[in-house]
Amino acid sequence: MLVDWSLTSNFLGLFKLWKALQFYAGFSIFMLYVYQLPIEFSSMLQWIADFVGLFKICSTSEWTEICSSVSLVLFYIMVCTSFITIGLILFKDFS
């Protein structure tokens, strides 16, 4: 990545990392939403979800869990807008 970044003057290497970060954030949000479904998971899947850090949001949820979910969604929005902004900057430089 540093080689790509150093070879270009418009941070093309950094632009490649945003796509992976966007995928990771989107996958995390998807897993959090799937875990919220009102179905019963096996004990092994519940153990994996606890290990990874997934949780169900309900009326008894702590504020840290709610803030974590909101910050994950805001992080995804921030990554998407940064990805679009970097893409527009690169497109403007090439035209």
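Where a number appears in this text, it was derived from the coordinates with a stated rule and is not lab data. Just so we're clear, the structure is a prediction, and the values are computed from it rather than from any experiment. Don't worry about glycine lacking a Cβ; one is built from the backbone with ideal geometry, like all the others, and counts go over all protein chains shown.
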Likely footprinting exposure, SER43, SER82, fewest C-beta neighbours within 10 Å first: SER43, SER82
Order of TRP18, TRP63, TRP47 - criterion: other Cβ atoms within 10 Å of each residue's Cβ, fewest first: TRP63, TRP47, TRP18
